[in-house]
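Engineer: Here it is: the structure, laid out below.
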Amino acid sequence: EMGIRDGTLAASLALSLPAASSAVATAPVHGGSADRGAHGRAASPDPGALLRLTRTYEATLKYRSLPRALADGYEEHLCMARDEGGMGFHYFNEALFGSLDPARPAGLLYEDDGHGGRRLAGVEWVVPVDDAGGARPRLFGQDFQGPMDGHYPGMPRHYDLHAWLYKHNPKGTFAQWNPRVTCPAATASMSTSHN
């Protein structure tokens, strides 16, 4: 269950835009120092970016209920984890590939809730390379990761951006891998090609 005790960005967004601004402003763009390149830290978001992130939270809150996500066209594909952390169970709505709308992420990231169910942890935007027009997509003042190969048969080569709105990520709100997210051993897909 989402809550303030988890230190989630979602709780900050729900309570106070200034608190959320602080959380987003200090979030690393990418997970570890090896991924940072020229973008060691995220630029402070403008108020418009912060409002768009609030729109994401408001639009995806209903997906804490997995049946709602399934009804809206999100389909389970795989659970991804590796030594530096996990992304959890990926549910994609392929009709939303290419969306840069803050309220319409193509992916939902779930974790095992410990009781046989799934708990929403984050969201993900996916932009196929062919749709990117030769430019790396940006959202919330963040560069997308990639390009990278698809994670399952039929998924295109793409760029992606994660936002950990429902599960605190000590690596940052927009980091790819979250050390607090794991996959059950029987379902884990160790990804070395995911940039």
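The values are calculated or read from the model by the stated rules, or taken from the named source; none is laboratory data. This is a predicted model, so every value here is computed, not measured. Counting neighbours? That spans all protein chains shown, and the Cβs are built from the backbone with ideal geometry, glycine included. These accessible areas exclude ligands, DNA and RNA; they are computed on the full protein's heavy atoms, side chains included. Shrake-Rupley method; radii C 1.70, N 1.55, O 1.52, S 1.80 Å.
Engineer: Probe 1.4 Å, all protein chains in place: accessible area of residue 136 in Å², nearest 10?
Structural biologist: For residue 136, solvent-accessible area is about 110 Å².
Engineer: If you don't mind, there's one more thing I want to ask. If the chain between residue 84 and residue 138 were fully stretched, how many nm would it gain, using 0.36 nm times the residue separation less the Cα-Cα distance?
Structural biologist: So the extension gain works out to 17.0 nm.
Engineer: Additional query: Between residue 149 and residue 76, what is the FRET efficiency for a Förster distance of 22 Å, r being their Cβ-Cβ separation, to the nearest 0.05?
Structural biologist: Computed FRET efficiency for residue 149 and residue 76: 0.70.
Engineer: Same structure again: To the nearest Å, what is the center-to-center distance of segment 71-134 and segment 140-162, using C-alpha atoms only?
Structural biologist: That distance is 10 Å.
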